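For reference, the structure discussed in these notes is given below.
The values are calculated or read from the model by the stated rules, or taken from the named source; none is laboratory data. Treat the numbers as computed from the prediction; the structure is a model and nothing was measured. Neighbour counts are summed over all protein chains in view; Cβ atoms, including those assigned to glycine, are modelled from backbone coordinates with ideal geometry. Note: accessible area is taken over every heavy atom of the protein model, side chains too, but ligands, DNA and RNA are not part of it. Shrake-Rupley method; radii C 1.70, N 1.55, O 1.52, S 1.80 Å.
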Amino acid sequence: MQHPAQPSSTDEHEIRLGTGMGPLKFGASQDEVRSLMGEPEEIEESEDDDEFEHQAWNYLDEGYSLYFDREDDYRLSCIETDHPGIRLYGEAIHGRSPEQIQELMQRHGHEQSEIEKMDTGEMRISYEKEMIDMYFEDEELQFVNFGVFIDEDLEVQWPA
C-alpha cells in the first residue's frame with residue numbers, strides 16, 4: 001500500500017548517487033517525470049553536432065535541468081541543479097568550499113578523480129566512477145551535474 005506522504009524538503013533535494021534526487025529516479029519516463037514535476041518551463045533539444053541526442057527539461061524556478069537521452073529511450077539519465085537546498089549524504093552542500101566537498105566525499109569512500117580549473121576562473125571537481133561533477137566559483141559550490149552509473153563496458157546501470 002502506498003502512502004501519499006510528501007517528502008520533507010531535505011529529502012526532496014537529496015542527491016542519491018547513481019539513483020537520482022528526491023523522488024526523481026534515473027530511468028523514469030518523461031511522463032513519470034511530468035507527473036512528479038509538472039510541465040518544464042522550457043525544453044531544449046540537442047544540437048545536430050552533439051555526440052548524444054537528448055532533451056533537456058528546464059525547471060528554472062526550481063533550479064533543475066533534467067536530461068533525457070534518445071539512446072536511452074528518453075529516460076531520465078542526468079540531473080543538473082543549482083538549488084540552494086541540495087544535499088549529499090544528508091549534508092547541505094550548496095556554497096561549500098572544494099575542500100569541504102572533497103572531505104565529505106572521502107568520508108563516504110570516494111576518492112577524488114579530477115580537478116579542472118577553467119579559463120573563466122571556475123573550478124570543476126569530478127568523481128568519474130560516481131558520475132558527479134561539482135562546479136565552484138569563488139571557492140563556493142554553485143551547481144552539481146550527476147547521472148546514472150555506467151559500468152566499465154559503458155552499459156547504463158539503471159537503479160532497481
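Summary table
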{"item": "Near pairs, Cβ below 7 angstrom, 6+ apart or cross-chain, from the range 139-160 (among the acidic types (Asp, Glu)) to any residue that is assigned to a strand (DSSP E or B) and open to solvent by 70 Å² or more (accessible area, probe 1.4 Å)", "result": "151/157"}
{"item": "Residue 86 of a type in the set (Val, Ile, Thr), open to solvent by less than 70 Å² (accessible area, probe 1.4 Å), farther than 20 Å from residue 27 by Cβ and at pLDDT 95 or above", "result": "yes"}
{"item": "Members of the range 108-160 that are β-branched (Val, Ile, Thr) and open to solvent by 50 Å² or more (accessible area, probe 1.4 Å)", "result": "115, 120, 150"}
{"item": "Qualifying residue in the range 42-55 (condition: among the β-branched types (Val, Ile, Thr) and open to solvent by 30 Å² or more (accessible area, probe 1.4 Å))", "result": "yes"}
{"item": "Candidates 67, 127, filtered to the one that is hydroxyl-bearing (Ser, Thr, Tyr) and under 22 Å from residue 11 (Cα atoms)", "result": "67"}
{"item": "Only one of 112, 106 that is in contact with a helix residue (DSSP H, G or I) (Cβ under 7 Å, 6 or more places away or on another chain) and polar (S, T, N, Q)", "result": "112"}
{"item": "Count of the range 58-82 residues which are open to solvent by 40 Å² or more (accessible area, probe 1.4 Å) and either in a loop (DSSP other than H, G, I, E, B) or not aromatic (Phe, Trp, Tyr) (or both)", "result": "10"}
{"item": "Qualifying residue in the range 21-33 (condition: of a type in the set (Gly, Ala, Ser) and in a strand (DSSP E or B))", "result": "no"}
